[in-house]
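Reviewing the structure listed below.
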Amino acid sequence: MLKLEDWMDIKGMQREGRSIKAIARLTGFSRNTVRRVLRESAPKPLPKPVRGSALDQHRDYARQRFEACGLSAVRLLEEIRAQGYTGSIWTLRRFLARLAGERRRQARLTVRFETGPGEQAQADWAECGRLPGGFGHLVRVYAFVMVLSFSRMLYLEFTPSMRLPTLLRCHNNAFAFFGGWPRSILYDNMKQVRIGPGQMNPRLLDFARYHDFTPKTHRPYRPRTKGKVERAIQYLQNNFLNGREFADLADLQARGQHWRDHVANVRVHATTGRRPFDLWAQEGLAPVASRSPYAVYDIHSAKAGFDGWVRFGRSRYSVPPEFAGTPVEVRHLGGRLLICRGDVIVAEHRLAERAGQSVADPAHVAALWRAALPRPVPPAPRPALTAAVAQRGLQVYEEALQ
């Protein structure tokens, strides 16, 4: 069999000017072989012998079972041994390892697509560690990031919470920053957005209906389908957060806004080749002036006590006596507190100025006193005689004594 070294020797002898007859005599190959090599521009690869495997007759079954159930090599070995497999478990394991590698490769495949102006934004959270909070305690800090998919214009805000009211407030602030909102927003499968399979959070849906945009979530286990905001978060972490220290949340917020406005939104984007700030004017968002800001409440579940008070924080608030002992919702908006039963507001109070304060509506207190006062007990009815009593004169008794 002709090896690579033999092929190179024949070519070298030709360059030295030797004839085909001389090359054949010196190498031991036939003249036809020498002629064939001299006609070739590159050596032909040696054909690999096709070897059979004991697994050949069982590959389709093993592939089907692995893809359907993810069975291990030990489990599959039991099943195909019963079908006549005589090979080793190592042959089966090498085959399953190739299948697992192909599955991982398929899972990473992503179709990159671009959206038109005003069509989509992508939003997500990123954890940023801990910073000093009140009373010397460290608090967790999160970054809310929203990116307009067409222009890559970025909004950034740091918060100490990822609760739904905080998420909605960040949306209000982002819409004010962008000057409007797109026709759809793509989210992670976070519980603030999707509370179950096929079930969106009702409060987020109400927020979306108010602004007339469509909320969407990426495919499960495929966060790369919202890759624009994922890459924006990586850019935030590498270009701004990494290697910097911040005194507190206020310091982080101020420096983050400066980075957003003077670095992130004015650099030339690697994908679009344009500055996000320059493409922003082409977005054509729904104007923020067309809606007043959505009222965002902090909602807490509570139960009104039988004394007519609801505890919120470290203070108490009165409710009408007919709602004593019933579950209620406490909605906190700014300096006001609304106590609701379903969609009905049963009490409205100013927020307590200090801990331990009792905030009462005089009408609630008066109604509670009226309901709690003992009521007069009516006299018990006298029993009626059912049998007639015979009436006799005194002369009857006088006659009996004679």
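The values are calculated or read from the model by the stated rules, or taken from the named source; none is laboratory data. Every value quoted in this text rests on a predicted model; they were computed, and no experiment measured them. Note that we place each Cβ from the backbone using ideal geometry, even for glycine, and neighbour counts take in every protein chain shown.
Of note:
- Among residues of the stretch 339-350 that are basic (Lys, Arg), those with a beta-carbon under 8 Å from a residue that is surrounded by fewer than 19 Cβ atoms within 10 Å (Cβ to Cβ) and in a loop (DSSP other than H, G, I, E, B) at least six positions away or on a different chain give the pairs Arg341/Thr326; Arg350/Gly335.
- Qualifying residues in the stretch 157-181 (those that are modelled with pLDDT of 95 or more and touching a Leu at 6+ places or on another chain (Cβ under 7 Å)) - the one nearest to Val193 (Cα to Cα): Trp181
- Residues that are aromatic (Phe, Trp, Tyr) and either within 30 Å of the chain's Cα centre (by Cα) or surrounded by fewer than 16 Cβ atoms within 10 Å (Cβ to Cβ) (or both) within the stretch 268-325 comprise Phe277, Trp280, Tyr294, Tyr297, Phe306, Phe312, listed in sequence order.
- Just so you know, in the stretch 149-194 the residues that are among the hydrophobic types (A, V, I, L, M, F, W, C) and part of a loop (DSSP other than H, G, I, E, B) include one that is nearest to Thr115 (Cα to Cα), and it is Phe150.
- Arg25 being without any contact (Cβ under 8 Å) to a residue 12 or more places away in the chain, out of contact with any Lys or Arg (no Cβ under 6 Å at 6 or more places or on another chain) and assigned to a helix (DSSP H, G or I): yes
- Residue count for the stretch 193-222, restricted to those that are touching a Phe, Trp or Tyr at 6+ places or on another chain (Cβ under 9 Å), modelled with pLDDT of 85 or more and within 24 Å of Met153 (Cα to Cα): 10.
- The selection criterion, being of a type in the set (Phe, Trp, Tyr), touching a helix residue (DSSP H, G or I) at 6+ places or on another chain (Cβ under 8 Å) and at negative phi, does not hold for Tyr317.
- When Ala304 is tested against (1) within 27 Å of Phe207 (Cα to Cα); (2) touching a Gly at 6+ places or on another chain (Cβ under 7 Å), only condition (1) is not met.
- Among the candidates Ser161, Ser184, Ser149, residue that is surrounded by fewer than 23 Cβ atoms within 10 Å (Cβ to Cβ), more than 15 Å from Asp261 (Cα to Cα) and in contact with a strand residue (DSSP E or B) (Cβ under 6 Å, 6 or more places away or on another chain): Ser184
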